[in-house]
Amino acid sequence: MALELNNEYQYGFHDSEENYAFKSVRGLTKEIVLSISKMKNEPLWMREFRLKALEIFYKKPMPKWGDTELLNEIDFENIFYYVKSSEKQEKSWEDVPKEIKNTFDRLGIPEAERKFLAGVSAQYESEVVYHSLREDLKKLGVIFLDMDSGLREYPDIVKKYFATIVPPEDNKFAALNSAVWSGGSFIYIPPGTNVEIPLQAYFRINTENMGQFERTLIIADEGSSVHYIEGCTAPTYSSDSLHSAVVELIALKNAKIRYTTIQNWSKNVYNLVTKRAVAHEGAVVEWLDGNMGSKLTMKYPSIYLVGERAHGEVVSVALASGSDQHQDAGAKIIHIASNTTSVITSKSISRNGGRASYRGLLKVHKGAKNVKSTVKCDALMLDEISRSDTYPTMEISEKCVQVEHEATVSKIEDEKLFYLMSRGLSEEQAKLMIVNGFMEPFVKELPMEYAVELNRLIELEMEGSIG
Amino acid sequence: MPELLKIKNLQAEIDGKKILHGLDLQINTGEIHAVMGRNGSGKSTFSNTLMGHPAYKISSGEINFNGTVINDLKPNERAKLGLFLGFQYPLSIPGVTVASFLRQAHKALKGDTASPRDFRKLLYEKMDDLEIEHAFATRYINDGFSGGEKKRMEILQMAMLEPKLAVLDEPDSGLDIDSLKLVAQSINKYKEKNPQLGVLLITHYQRILDYLRPDKVHVFIDGNIVESGGPELAVELEKKGYDWLAEKEAAKA
């Protein structure tokens with residue numbers, strides 16, 4: 001199968017194509033990378049960085065783990081690597097597939113937001129909110145921009161931290177992202193500043209936040225804290241079928257970063273994302289990662305605990321729904337310093353022939369003493385045709401560590417259904433209640449509106465699962 | 001008193017094994033009936049069959065509840081008619097709080113649209129009645145509850161859902177004497193406030209009957225009622241055990 005990344009024909013989006021200010025040709029060449037850099041008017045070092053990354057991308061083999069079969073179906077020659085987003089947004093609402101519109105309807109997404117989510121409009125009601133938010137943040141010295149603007153306005157900070165956590169050498173998709181990245185968020189929190197409200201990519205309008213190869217960099221300076229939220233539960237309609245993002249988090253001494261993702265990609269999308277964080281002395285990093293939709297998701301948020309008493313936490317849920325869907329998700333925690341602690345909580349649900357895999361790494365370096373870690377992964381399978389796998393890896397090179405690992409695979413028990421039904425719930429309601437309960441450790445960490453949305457989405461997904 | 005439950009010649013099986021052999025029973029509104037019998041005599045099959053557990057098949061006979069034959073109804077449909085089963089082993093549902101569970105069940109059975117606030121008020125009132133701490137409202141259903149807490153939660157559920165007939169399957173099993181007393185008292189309190197409630201109490205100890213005075217006592221042996229009587233029958237069983245009835249039954253055959 002050739003990966004049809006320019007799916008605009010399929011969905012009738014070809015009308016505006018002639019108007020594109022810039023659109024690269026298929027396949028990835030040095031010329032394309034150079035023209036992306038030129039278009040963005042980037043400093044020389046970034047251009048060199050992109051070119052070096054391109055070389056690495058060419059040389060790197062495909063990962064030999066994960067869903068290699070699906071991975072190898074990706075045809076890199078058949079991808080448009082850059083489409084200027086302002087043009088992208090001229091797509092018409094009429095062209096958005098009906099099922100996506102229906103889902104917006106049933107989720108009760110406001111009209112203006114629907115267009116935004118469908119990628120047909122960047123103008124969105126919260127523009128005013130965003131502007132006032134940005135004024136407040138400015139007073140605090142907080143920088144919250146799209147990555148392109150970040151590079152233009154704060155080149156020194158970007159240069160200091162960019163690609164220090166996820167170098168292009170890391171993996172083929174990180175290299176690809178490094179060569180052609182566009183959009184994403186750039187956030188800097190000054191020392192001692194606590195940003196009370198969550199920063200949402202949602203508010204970052206008029207920018208390329210739905211980008212195919214977005215790049216996010218968050219730096220929380222000493223003693224600061226921030227919560228960043230990306231995505232939403234509504235299906236993110238993308239005509240691009242390869243989403244390959246890189247996210248880098250840097251929590252300096254005693255800083256705290258929480259990064260929440262809820263994504264529900266349309267079913268044509270390969271979602272291959274490299275997310276990594278570094279936690280310095282006394283810092284806390286938390287990844288909350290909710291994965292729904294897509295064809296194949298491979299995502300393992302990782303945390304390097306490099307300073308004493310740093311704490312890392314990953315809570316992830318994956319919903320694999322349908323035989324054409326594989327969620328390969330998990331977490332990586334690397335304990336490098338002593339007295340560091342970590343918790344991994346992974347929840348997966350598979351139904352309708354879907355496949356959910358947990359892939360995790362817990363590593364304790366030699367010399368990291370008095371390390372504590374808890375890993376808990378639970379899989380819930382809703383029928384006989386679905387699949388769940390667990391691939392936990394532990395590399396412990398130190399004696400004085402305390403590691404707990406627990407994994408469960410369960411089905412919805414008839415006795416539980418009977419119990420709930422005896423209290424008046426229908427079979428469907430009873431199943432949904434058990435599933436919601438299973439997801440609770442994740443959902444309870446979300447801001448209220450996201451929690452409500454997520455529960456509603458699960459309800460939608462579960463509809464018709466009886467039979 | 002009007003008939004609430006009328007069972008005629010009920011035969012039921014699980015996995016092709018016949019457990020209930022032609023049982024007859026009638027309970028009228030407001031009555032308390034105790035079904036006593038040894039472990040393995042078919043008491044729990046009886047309660048599961050009444051509530052409509054899918055693993056139990058009715059091979060013959062009829063269960064008429066409040067004028068409706070419920071043989072083929074699903075558990076939730078039976079609940080809607082006013083039937084309640086207090087489980088011998090209540091199940092835990094991690095991640096679902098007692099309050100949200102009860103709110104959904106309440107809504108499903110009564111179709112009400114009480115605001116979360118009004119519902120909470122109602123729940124707290126019932127908890128106060130049964131002397132259950134409010135903190136239980138936000139705990140996950142039966143998750144990490146002690147035996148006594150689980151049994152009292154069943155009574156709280158009954159109190160919230162206000163059934164016409166409560167089948168209580170061994171609400172006394174596994175409890176120490178103090179917990180037993182608490183559970184019995186909460187059943188009594190609710191029953192006093194709701195005299196129309198019919199109760200079918202399944203137990204193999206006489207002790208709980210000291211607190212809950214049954215109108216009728218039935219003895220279950222080998223999947224059928226072999227003897228019925230007043231409260232004095234329970235006292236006799238406590239003294240003499242079940243053997244004399246089993247022998248009597250064997251002699252009949």
Does B:I7 satisfy the condition of being in contact with a strand residue (DSSP E or B) (Cβ under 6 Å, 6 or more places away or on another chain), under 24 Å from B:V226 (Cβ atoms) and within 14 Å of another protein chain (Cβ to nearest Cβ)? no
Across segment A:39-58, what is the total count of residues that are at pLDDT below 95 and more than 17 Å from A:F213 (Cβ to Cβ)? 1
Mind listing whichever residues of segment A:289-301 are touching a helix residue (DSSP H, G or I) at 6+ places or on another chain (Cβ under 7 Å) and within 15 Å of A:T345 (Cβ to Cβ)? A:G290
Within segment B:58-78, can one find any residue that is more than 8 Å from chain A (Cβ to nearest Cβ), closer than 30 Å to A:L380 by Cβ, surrounded by fewer than 21 Cβ atoms within 10 Å (Cβ to Cβ) and of a type in the set (A, V, I, L, M)? yes
Just checking, how many residues over segment A:148-190 are under 25 Å from A:S302 (Cβ atoms), more than 17 Å from the chain's Cα centre (by Cα) and outside any helix (DSSP H, G or I)? 6
A:E230 versus (1) at pLDDT 95 or above; (2) closer than 18 Å to A:G150 by Cα: which is the lone unmet condition? (1)
Taking segment A:341-362 and keeping residues in contact with a strand residue (DSSP E or B) (Cβ under 6 Å, 6 or more places away or on another chain), surrounded by fewer than 19 Cβ atoms within 10 Å (Cβ to Cβ) and either under 16 Å from A:P441 (Cβ atoms) or not hydrophobic (A, V, I, L, M, F, W, C) (or both) leaves A:V343, A:N352
Scanning segment A:305-335 residue by residue, those surrounded by fewer than 24 Cβ atoms within 10 Å (Cβ to Cβ), of a type outside the set (V, I, T), within 21 Å of A:V226 (Cα to Cα) and over 18 Å from the mean Cα position of the chain (by Cα) turn out to be A:G307, A:E308, A:R309, A:H311
Say we look at segment B:105-122 and pick out the residues that are in a helix (DSSP H, G or I) and away from chain A (no Cβ under 14 Å); which of these is farthest from B:Y190 (Cα to Cα)? B:R117
Residue pairs, Cβ under 9 Å, 6 or more apart or interchain, first in segment A:22-39 and assigned to a helix (DSSP H, G or I), second modelled with pLDDT of 90 or more and among the β-branched types (V, I, T). List them. A:I32/A:V180; A:V33/A:V180; A:I36/A:V180
Give, as residue ranges, the helices (runs of 4 or more DSSP H) completely inside segment B:143-253 that count at least 2 residues that are at pLDDT 90 or above and out of contact with any helix residue (DSSP H, G or I) (no Cβ under 9 Å at 6 or more places or on another chain). B:177-193, B:231-240
With the requirement that a residue be within 18 Å of the chain's Cα centre (by Cα), more than 10 Å from every other protein chain (Cβ to nearest Cβ) and more than 20 Å from B:K6 (Cβ to Cβ), what does segment B:79-99 give you? B:Q88
Could you list all residues from segment A:406-415 that are facing chain B (nearest Cβ under 10 Å) and touching a strand residue (DSSP E or B) at 6+ places or on another chain (Cβ under 7 Å)? none
Taking only segment A:416-465 into account, find how many residues are of a type in the set (D, E, K, R), touching a helix residue (DSSP H, G or I) at 6+ places or on another chain (Cβ under 9 Å) and either within 7 Å of chain B (Cβ to nearest Cβ) or without any contact (Cβ under 8 Å) to a residue 12 or more places away in the chain (or both). 3
Count of residues meeting criterion [buried (at least 16 other Cβ atoms within 10 Å of the Cβ) and either over 15 Å from A:S346 (Cβ atoms) or hydrophobic (A, V, I, L, M, F, W, C) (or both)] in segment A:388-411: 2
Of all the residues that make up segment B:129-177, how many are farther than 25 Å from B:I70 by Cβ, within 16 Å of the chain's Cα centre (by Cα) and within 11 Å of another protein chain (Cβ to nearest Cβ)? 0
Index of the failed condition, A:G437 passing every other in (1) touching a strand residue (DSSP E or B) at 6+ places or on another chain (Cβ under 6 Å); (2) within 17 Å of A:M292 (Cβ to Cβ): (2)
In segment B:17-44, what residues are crowded, with 18+ Cβ neighbours inside 10 Å and under 22 Å from B:K189 (Cβ atoms)? B:I27, B:E31, B:I32, B:H33, B:A34
Go through (1) over 28 Å from A:M462 (Cβ atoms); (2) crowded, with 22+ Cβ neighbours inside 10 Å for A:E281 and report which single condition fails. (2)
Residues of segment B:1-16 being without any contact (Cβ under 8 Å) to a residue 60 or more places away in the chain and buried (at least 22 other Cβ atoms within 10 Å of the Cβ), in sequence order, are B:L10, B:A12
Scan segment A:237-259 residue by residue and report those that are at pLDDT 95 or above and in a strand (DSSP E or B). A:V246, A:V247, A:E248, A:L249, A:I250, A:A251, A:K256, A:I257, A:R258, A:Y259
Among the residues of segment A:284-304, how many are assigned to a loop (DSSP other than H, G, I, E, B) and either modelled with pLDDT of 95 or more or surrounded by fewer than 24 Cβ atoms within 10 Å (Cβ to Cβ) (or both)? 3
Is it the case that B:L102 is assigned to a helix (DSSP H, G or I), facing another protein chain (nearest Cβ under 10 Å), at pLDDT 95 or above and out of contact with any Gly (no Cβ under 6 Å at 6 or more places or on another chain)? yes
Give segment A:353-393 a look and list any residue that's under 24 Å from the mean Cα position of the chain (by Cα) and among the aliphatic types (A, V, I, L, M), or say none. A:A356, A:L361, A:L362, A:V375, A:A379, A:L380, A:M381
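The values are calculated or read from the model by the stated rules, or taken from the named source; none is laboratory data. Please read these numbers as outputs of a predicted model, since none were measured by experiment. Because the Cβ atoms are built from the backbone with ideal geometry, glycine has one as well, and the counts that use them run over all protein chains shown.
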